[in-house]
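Bear in mind these aren't lab numbers, they're just calculated from the coordinates by the rules spelled out. Keep in mind the model is a prediction, meaning the values are calculated, not measured. Cβ atoms come from the backbone with ideal geometry, glycine included; neighbour counts cover every protein chain shown.
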Amino acid sequence: MTAKVIDGKAFAAGVRAQVAAEVAKLKANNGIVPGLAVVLVGEDPASKVYVKNKHASTIEVGMNSFEHRLDADTSEAHLLALIAQLNADPTVHGILVQLPLPAHLNSDLVINAIDPAKDVDGFHISNVGLLGTGQKSMVPCTPLGCLMMLRDHHGKLAGMNAVVVGRSNIVGKPMAQLLLGDSCTVTIAHSRTKDLEAVCRGADILVAAVGRPEMITGAYVKPGATVIDVGINRIERDGKAKLVGDVHYESAAAVAGAITPVPGGVGPMTIACLLANTLTACCRANGLAEPKGLTA
Ligand code: GUN
């Protein structure tokens, strides 16, 4: 079997186009422009690239982008004061503090200082609790993007066996909650799981979010399963820099029914869902109906 390739790049372009159309309607009908504030502390090169891409995409869909770059030695009090200011600003509908933060800053404290209604990352403890209890929340962008692609590919997910490899707060745990919300039978596996290969081979839906280059080979995949690769790993091969996922693409694609590539799979969906979340937050803040298909 050769797997169908789930084209995240094209899917994300469609989501961005839908967001842009809704933003144009908001402007024309209500005179409202959604605004996203992104806070970057320090000089982490990968974070700088992410923040630059977020800014460009935000502008491209017609939203306001507010960038706040702070020195690496910024104090916690200073950062918390900025968050308080953004919480109070009615032109800001979404706030994202780029992670990781420098070691002297307490990430939990900082994230939980964001107004949950503006927490477009879905990392605030209130949103985590709302998602876990099946209530309306802001949903973390990467798992939301994975869910959108899975719903698009399968229609209904009810009754499917889903295995999520990885238990991070950013991907693994919220992904499992979302799949459970769609009535999958969900297993969260991780580095200490016994016989991980066999556990994964039980999956109709296999989500790889372990952060280990090409760890999930074809031996982990049930024939015909859908494989979602969340990993983005920079490696060197044959003296060249290369981007690979957590899935060994060639061997997995030979067994799977459908698979997301790296690059061009989950990655582009994360920013598209950040824009979708910002639009959702803006609609909620203004008491307007949320656009369909952009939330969990
Ligand atoms: N760093 C890596 N991924 C993310 C993300 O999704 N949100 C934030 N805020 N920081 C990140």
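Answer rounded, prolate or oblate for the stretch 86-241, using the Cα gyration tensor with square roots of eigenvalues a ≥ b ≥ c: rounded when a/c is under 1.5, else prolate when a/b is larger than b/c, else oblate.
Working: a/c = 2.16, a/b = 1.41, b/c = 1.53.
Oblate, since a/c reaches 1.5 and b/c is not below a/b.
Using the C-alpha gyration tensor of the stretch 223-296, what are the square roots of 5 times its eigenvalues, in whole angstrom, with the largest one first? Intermediate results must be reported in sequence, preceding the final value.
Working: eigenvalues 230, 58, 7 Å².
That gives 34, 17, 6 Å for the three semi-axes.
So if I average 1/r over every pair of distinct C-alpha atoms in the stretch 85-156 and take the inverse, what Kirkwood radius in Å does that give? Each step should come with its number before you reach the end.
Values: mean 1/r = 0.0738 Å⁻¹.
One over the average 1/r among Cα pairs gives 13.6 Å for the stretch 85-156.
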- Would you mind checking the radius of gyration and Dmax of the stretch 25-148 based on alpha-carbon positions, in Å? 14.7, 45
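Less than 10 Å Cβ to Cβ from Gly265, Lys/Arg counted +1 and Asp/Glu -1: what total charge do the surrounding residues give? Each step should come with its number before you reach the end.
Numbers: positive: Lys9; negative: Asp7, Asp229.
Counting the neighbours of Gly265, the net charge comes to -1.
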- If one puts a single equal scatterer on every Cα of the stretch 28-70 and applies the Debye formula without solvent, what log₁₀ I(q)/I(0) results at q = 0.20, 0.33 Å⁻¹? -0.62, -1.16
- Query: Starting at 0 and stepping by 10 Å, how many percent of the alpha carbon pairs of the stretch 171-296 end up in each bin?
  - Reply: 12, 36, 31, 15, 5, 0
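Sum up the lysine pairs in the stretch 141-296 that clear both bars: alpha-carbon distance under 23 Å and a spacing of 8 or more or different chains.
Working: Lys156/Lys173; Lys156/Lys222; Lys156/Lys292; Lys173/Lys194; Lys173/Lys222; Lys194/Lys222.
For the stretch 141-296, qualifying lysine pairs total 6.
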- Where only alpha carbons of the stretch 112-196 are counted, the Rg and the Dmax (Å): 13.2, 42
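What is the dipole size for the chain, taken about its Cα centre, with +1 at each Lys and Arg Cβ and -1 at each Asp and Glu Cβ, in debye to the nearest 20?
The dipole magnitude comes to about 640 debye.
So, R0 is 30 Å and r is the distance between the beta-carbons of Leu80 and Lys48; what FRET efficiency does that work out to, to 0.05? Let's see the in-between values first.
On the way: r = 22 Å, r/R0 = 0.75.
Efficiency for this residue pair is about 0.85.
I'd like the Kirkwood hydrodynamic radius of the chain, using the inverse of the mean 1/r over distinct C-alpha pairs, in Å. Please list the in-between numbers first.
Working: mean 1/r = 0.0509 Å⁻¹.
That comes to 19.7 Å for the chain.
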